[in-house]
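Read the figures in this text as sums done on the coordinates, not as results from a lab. This structure is a prediction, so every number in the text was calculated from the model and none was measured. Here the Cβ positions follow ideal geometry from the backbone for every residue, glycine too, while neighbour counts run over all protein chains shown.
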Amino acid sequence: MSVISAEEVSRLQGYLEAKFKNTGFALKMREKAKDSVEVLLNGEFIGVIYKDDEENDISFDFNMAILEEDL
């Protein structure tokens, strides 16, 4: 299991803010899953970022579910 560090959380939040030109992002550590963080936008949960560390090739996967009723 790859643990997301506080430094990585900060870097990810900065990336999201710069990429989407929005400072409303907040990343929240998860209690039981140390390999991922919750993503909130203006206080609303929108998804999860998972850390993948395959043979020291680190990447992050953002998973966002969109419900039919929200469309």
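What to note about this one:
- Extreme residue, positive dipole direction of the chain, given options M64, V39, G24 (C-beta unit charges): G24
- Couplings 3J(HN,Hα) for region 16-28, derived from phi with the Karplus relation 6.51 cos²θ - 1.76 cosθ + 1.60 (θ = phi - 60°), are 4, 4, 6, 5, 9, 6, 8, 8, x, 7, 9, 10, 10 Hz, where x marks Gly and Pro.
- Working from label points 7 Å from Cα in the Cα-to-Cβ sense, the I46 to D61 distance is 2.1 nm.
- Contact order for the chain, expressed relative to its length and based on alpha carbon pairs under 8 Å spaced 6+ residues apart, stands at 22 percent.
- Only DSSP H runs of four or more residues enter the estimate; each adds -39500 (n - 2.57), and after division by the residues of the chain the mean residue ellipticity at 222 nm equals -7000 deg cm²/dmol.
- Under 5 Å from the amide H of F25 lie the amide H atoms of N42, each residue being 5 or more positions distant or on a separate chain, with H modelled from the backbone and absent for Pro and chain starts.
- The phi-based Karplus calculation (6.51 cos²θ - 1.76 cosθ + 1.60; θ = phi - 60°) puts the 3J(HN,Hα) values of region 5-13 at 7, 4, 5, 5, 4, 4, 5, 5, 5 Hz, whole numbers, x for Gly and Pro.
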